[in-house]
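Okay, structure first, notes after.
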């Protein structure tokens, strides 16, 4: 992950749209197709117990950048990204906490011929206007749990807005990949997973479900920030559990990886 250091562009007439940026990175295979320029925005309304990036929680900790500055950084890698069949993914934090910035950036990327992806929890899906979603080729939708009580315990928020957003993506025909973090003792309940699979199965926009094993790669960040890591004693799921959960999604006709 690279801290945002894009050069300031010359002032232009009118107010430029700005956003609070945590960092950016280049990744392959996990944030959409091909090699991606992944922009991490600052600020998130959720406090997921397993969050790997607690340093993105507060918007005020980010660096202010204009859309033009970010596009200048993207342009440095445009040829490499395009050759791989990749594109740009706007992530966070929560990208929809800054919808004006996210929307303009996605539009500019589309105009430049780049594949666009939005990584979101869906909790702020109502802030994503139809124009923003029209400029989004792929939504990576994180559904933390299908159990409403467990969802609130995990995130501090309600599950309902995320499910409403999923239904809206289906109505609009926006290609969607579901991300499901598998945490032993928290998100491995077979009944809740079956419920989520049944919810997703009729949604034609859902092209696959990515079952992501819980990890502790962000634990050092909590220590550096003087925060306790809530799931420090929780193990990663073993291969048998991961395959069981993938099988539950597949049993409803969904592609699962």
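Values quoted throughout were computed directly from the atomic coordinates according to the rules given, and no laboratory measurement underlies them. Note that the structure is predicted; figures quoted are calculated from it, not measured. With ideal geometry, Cβ positions are generated from the backbone for all residues, glycine too; neighbour counts draw on all protein chains shown.
Data overview
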| item | result |
| --- | --- |
| Neighbour-count order for 22, 215, 115, 257, fewest beta carbons within 10 angstrom listed first | 257, 215, 115, 22 |
| Residue of 164, 64, 223 that the Gaussian network model of the chain assigns the largest fluctuation, springs spanning Cα pairs under 10 Å | 223 |
| Ranked 102, 160, 234, criterion: other C-beta atoms within 10 Å, fewest first | 160, 234, 102 |
| Between 0 and 90°, nearest 10: helix 239-250 axis offset from the chain longest Cα axis | 80 |
| Distance from the stretch 77-121 to the stretch 135-173 (C-alpha centre basis), Å | 20 |
| Average Cα contact separation per residue, the stretch 142-237, under 8 Å, 6 or more apart, as relative contact order % | 30 |
| The stretch 19-173, relative contact order in percent, only Cα pairs under 8 angstrom and at least six apart counted | 23 |
| Highest-MSF residue in the chain out of 184, 228, 213 [GNM, Cα springs under 10 Å] | 228 |
| Most fluctuating residue given options 130, 233, 75, as computed from a GNM of the chain linking Cα atoms under 10 Å | 233 |
| FRET efficiency for residue 167 and residue 28, using Cβ-Cβ distance with R0 set to 22 Å, rounded to 0.05 | 0.10 |
| Sites residue 64 and residue 126 - FRET efficiency at Förster radius 30 Å, r taken between beta-carbons, to 0.05 | 0.75 |
| Rel. contact order, % - alpha carbon contacts under 8 angstrom, at least six apart, the stretch 104-196 | 30 |
| Ranking of 59, 225 by count of other Cβ atoms within 10 Å, fewest first | 225, 59 |
| On Cα atoms only, tilt of 190-200 relative to the major axis of the chain in degrees | 50 |
| Distance (nanometres) between label positions extended 7 Å along Cα→Cβ at residue 198 and residue 250 | 2.2 |
